[in-house]
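Submitted below is the structure of interest, expressed as structure tokens.
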Amino acid sequence: MSVSRPNNLDAYWMPFSDNRYFKAHPRMLARAEGMSYYTPEGKEVLDGTAGLWCCNAGHGRVEIKEAIQKQAAILDYAPTFQLGHPIAFEAAARIAEMTPEGMDRIFFTNSGSESADTALKIALAYHKARGESSRVRLIGRERGYHGVGFGGMSVGGIGGNRKQFGALLPYVDHLPHTHGLAANLFAKGQPAEGAHLADALEALVALHGAETIAAVMVEPVAGSTGVLVPPVGYLERLRELCTRHGILLIFDEVITGFGRLGTPFGAERLGVTPDIMTMAKGLTNAAVPMGAVAVQNAVYDAVVDGAAAGIELFHGYTYSGHPLAAAAAIATLDLHRAEDLPGRARAIEPYWQEAAHSLRSLPNVIDIRDCGLIAGIELAPRAGKPGARATEVFRRCFDDGVLIRVTGDIIALSPPLIVERPHVDRLFGVLGEAIRAEA
Ligand code: PLP
């Protein structure tokens, strides 16, 4: 099937894009099914990135499409401020069945960015409700990505995403990132070295005082800045320090949720339970935008029971719990259960890991790392042109029918969890050829 190309590319200001390059050299995706995208001309492009880490159940799932269509015919929209509609409650209950025990209270948003800002606001409200109003400081981590709202951007640790925008949130500090190339080269799964990096939180407590710190927010596995897998013992140590100092631990599970690491959430795979957890992307298989924040019941109880009569949390979105998104979420979670998507990810992980590490001896490959169905391949930059080599690899792969994602000179891969061995072979085969060609 072919789909016509748009005639006018001017009006759309594309997000996180080189608009000028794209509009001169457009690469369009017009349709998708299963493991693949198709260009307007009908050329297949194997999806090595589940869209943007989000189509975990594969593309074009009929069950999700039908659930959205059915819901649109029943209730297109209803407000959720002081009113409710059944499917939003049902979706929340279904998510609560998947989250770690005791994290049964779910706040709906529309994206990962909104989930990050919501989580930070809940943390602040929690301390205030408990009479600890001095806890206003938010701690993130270098190279952390928590979306593009002012909260997530400030707590996030990506210079490029911050420096265009002047003053950010005050009272924010950062832990060092955990990317230890020298100590952990070509590590398979969690790297051995680096648990001590969590001790930087002790230093921040000594500097600012625990009584000023509300929350620490980290991604269990950082994806956007190039697949940074937590060293063995690191998250455990962070958990211990947060508990000791009364600081809430927030996991940003926007990419690690919904089976990506072979378990429903990264928390389970990595053996550490946070107080608050953000999610989005895979929640609806990306068919309708939706995010959510899950909190420990005690966090909800403190904010809700601790409030005077009336509205307990002055926060929410017109589209929180949108009926079409709720329908897509339920259908997606049904697929997760029926097809055991986390189990599929676990089953193919060893093959995936070996395939990723088979690129080790290619020119300019300086590191490879993986966790669950994520792989990062770091390339040596071209002299004086950071990011150029990986961008050229990306373009070559696309032209050869494979979609990868690059961030700087790091290639990040995260296929739909329905990936099978022949897809893995093709993905790494085409990528390997492209890396060789750009040597
Ligand atoms: N948090 C993490 C860890 C992410 O990877 C992303 C997006 O990639 C976000 C937050 C932001 O999500 P969104 O683009 O839906 O706002």
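Find the centroid of the Cα atoms in segment 142-194 and in segment 1-80, then give the distance between the two in whole Å.
Comparing the Cα centres of segment 142-194 and segment 1-80, I get a distance of 29 Å.
Follow-up. Sum up the charges of everything whose Cβ sits under 12 Å from the Cβ of Ala327, counting Lys and Arg as +1 and Asp and Glu as -1, but leave Ala327 out. Spell out each step's value before the answer.
Values: positive: Lys65, Lys70, Arg94; negative: Glu63, Glu66, Asp76, Glu90, Asp334.
Taking every other residue near Ala327 into account, the sum is -2.
Based on the mean of other beta carbon atoms within 10 Å per residue, what is the order of 120-128, 96-104, 208-216, most packed first? Can you show the working numbers first?
On the way: 120-128: 22.4, 96-104: 17.1, 208-216: 20.1.
Going by the mean number of other Cβ atoms within 10 Å, highest first, we get 120-128, 208-216, 96-104.
Follow-up. Which value, in debye to the nearest 20, gives the size of the charge dipole of the chain about its Cα centre, when Lys and Arg are +1 and Asp and Glu are -1 at the Cβ?
The calculated dipole for the chain is roughly 980 debye.
Hey, which lysines would be in cross-link range of Lys163, C-alpha to C-alpha under 27 Å, not counting anything within fewer than 8 residues on its own chain?
Here the lysines satisfying the reach criterion relative to Lys163 are Lys23, Lys121, Lys281, Lys385.
In segment 218-243, whose amide N lies under 20 Å from the spot 7 Å out along Cα-to-Cβ of His196? List them in ranges.
Residues 229-242 qualify, since their backbone N sits under 20 Å from the label point.
Which order do the peptides 196-204, 62-70 come out in when sorted by mean C-beta neighbours inside 10 angstrom, highest first?
By packing density, highest mean first, the sequence is 196-204, 62-70.
If you wrap a convex hull around the Cα atoms of segment 65-339, how much volume per residue is inside, in Å³? Spell out each step's value before the answer.
Working: hull volume 36.2 nm³, N = 275.
It is 131 Å³ per residue.
Taking 7 Å along the Cα-to-C-beta vector as the label spot, tell me the Arg31-Lys70 distance in nanometres, rounded to one decimal.
Distance between label points: 2.5 nm.
Bear in mind that the values in this text are calculations on the coordinates, not laboratory data. Computed from a predicted structure; not experimentally measured. Virtual Cβ from ideal backbone geometry, glycine too; neighbours counted across all protein chains shown.
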